[in-house]
1. Hand me the list of helices (runs of 4 or more DSSP H) wholly inside the range 1-96 holding 1 or more residues that are closer than 18 Å to PHE142 by Cα and not assigned by TED's automatic domain parsing to the domain that holds ARG123.
2. Considering only residues of the range 74-97 that are surrounded by 14 or more Cβ atoms within 10 Å (Cβ to Cβ) and touching a residue at least 60 places away in the same chain (Cβ under 8 Å), which is nearest to the chain's Cα centre (by Cα)?
3. Of (1) within 22 Å of TRP18 (Cα to Cα); (2) among the hydrophobic types (A, V, I, L, M, F, W, C); (3) touching a residue at least 40 places away in the same chain (Cβ under 8 Å); (4) not assigned by TED's automatic domain parsing to the domain that holds VAL200, PHE100 satisfies all except one. Which?
4. Would you mention how many residues in the range 16-62 are at pLDDT below 95 and either among the charged types (D, E, K, R) or under 16 Å from the mean Cα position of the chain (by Cα) (or both)?
5. Is at least one residue of the range 97-107 part of a loop (DSSP other than H, G, I, E, B), in contact with a helix residue (DSSP H, G or I) (Cβ under 7 Å, 6 or more places away or on another chain) and over 18 Å from PHE189 (Cβ atoms)?
6. Can you go through VAL69, VAL41 and tell me which one is in contact with a helix residue (DSSP H, G or I) (Cβ under 9 Å, 6 or more places away or on another chain) and either farther than 20 Å from VAL211 by Cβ or aromatic (Phe, Trp, Tyr) (or both)?
7. Among the helices (runs of 4 or more DSSP H) contained in the range 114-228, which hold 1 or more residues that are closer than 28 Å to GLU42 by Cα and among the aliphatic types (A, V, I, L, M)?
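The values are calculated or read from the model by the stated rules, or taken from the named source; none is laboratory data. Model, not experiment: these values are computed from the prediction. Note that we place each Cβ from the backbone using ideal geometry, even for glycine, and neighbour counts take in every protein chain shown.
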Amino acid sequence: MAGIIFYDIPSSLEPQAWSHNTWRVRYALNIKGIPYQTVWVEYPDIEAVCKKIGASPTGEEAPHYTLPVIQDTSTGAVISDGPLIVEYLDKQYPDTPALFPPGTLALQAGFTAAHAHAISPVRQFVIPRVNSRLNPRSEEYFRRTREQDWGNKMEDITPVGEARVVEWGKYRDGLGKVDSWFKKSTGPFLTGESVTFADVSVVSCLIWLKVIFGEDSPEWKDIASWHDGRWDGLVNAFAKYQH
């Protein structure tokens with residue numbers, strides 16, 4: 001059995017991986033070359049599985065169980081939450097590429113928060129598409145919980161007409177801010193030639209959109225064409241870790 005058991009959420013697609021949150025850990029494991037086994041968990045089963053293996057909840061106000069989670073069979077550790085998992089992997093497997101180089105943890109936390117805020121307008125476009133890509137049990141759970149979060153029917157979350165043009169433009173402009181940060185680097189990644197967790201966070205959101213919208217969709221073709229092709233190029237740079 002692999003040393004790491006990685007708990008992920010399946011889709012109805014092939015391959016099944018889709019979630020930007022879990023892609024951050026999948027990419028990290030692949031970059032580090034750490035063997036792992038994927039256990040697929042449908043949305044309604046996440047809480048029970050997490051409690052069974054002793055994974056901590058990630059919600060701050062009330063117990064809320066989410067994926068990714070890893071279980072390290074070589075140490076007995078069970079870690080919840082993507083950044084904490086990658087911090088653990090850096091410390092426990094020091095002979096692998098460090099995604100949080102010494103002294104960068106706070107800066108990377110700030111960057112990932114700023115990036116998430118900058119691209120937040122895309123959520124209204126992708127959430128309904130995610131719903132259509134899930135297996136039936138997860139689809140029912142996802143629809144019910146997201147409609148509660150948004151206060152709207154799934155079919156009415158994505159804007160239409162002129163509002164769609166405006167909101168899609170806000171996402172493009174948000175990515176433009178991120179592009180301006182990348183331009184300050186001396187290499188293809190944020191710190192130059194070496195990949196960090198911040199790069200992984202950015203590309204995880206991009207692969208999420210590419211998988212959910214579809215490679216040949218108008219949405220992905222739009223994104224791939226923006227900012228001199230930076231985003232398509234970044235996804236391609238990570239292709240060897242995309243499994």
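1. Working: elements: 20-32, 46-53, 82-92.
Answer list for the range 1-96: 20-32, 46-53.
2. Among residues in the range 74-97 that are surrounded by 14 or more Cβ atoms within 10 Å (Cβ to Cβ) and touching a residue at least 60 places away in the same chain (Cβ under 8 Å), the one nearest to the chain's Cα centre (by Cα) is GLY82.
3. (1)
4. 3
5. Filtering the range 97-107 for residues part of a loop (DSSP other than H, G, I, E, B) gives 97-104.
Add one more test, that the residue is in contact with a helix residue (DSSP H, G or I) (Cβ under 7 Å, 6 or more places away or on another chain), and what stays is 97-100.
Checking the rest, the ones that are also over 18 Å from PHE189 (Cβ atoms) come to none.
Taking every residue of the range 97-107 in turn, none turns out to be part of a loop (DSSP other than H, G, I, E, B), in contact with a helix residue (DSSP H, G or I) (Cβ under 7 Å, 6 or more places away or on another chain) and over 18 Å from PHE189 (Cβ atoms).
6. Numbers: VAL41 fails: either farther than 20 Å from VAL211 by Cβ or aromatic (Phe, Trp, Tyr) (or both).
Just one listed residue meets the conditions, VAL69.
7. Values: elements: 123-133, 136-150, 161-182, 197-213, 218-225.
In the range 114-228, 123-133, 197-213 are the helices (runs of 4 or more DSSP H) which contain 1 or more residues that are closer than 28 Å to GLU42 by Cα and among the aliphatic types (A, V, I, L, M).
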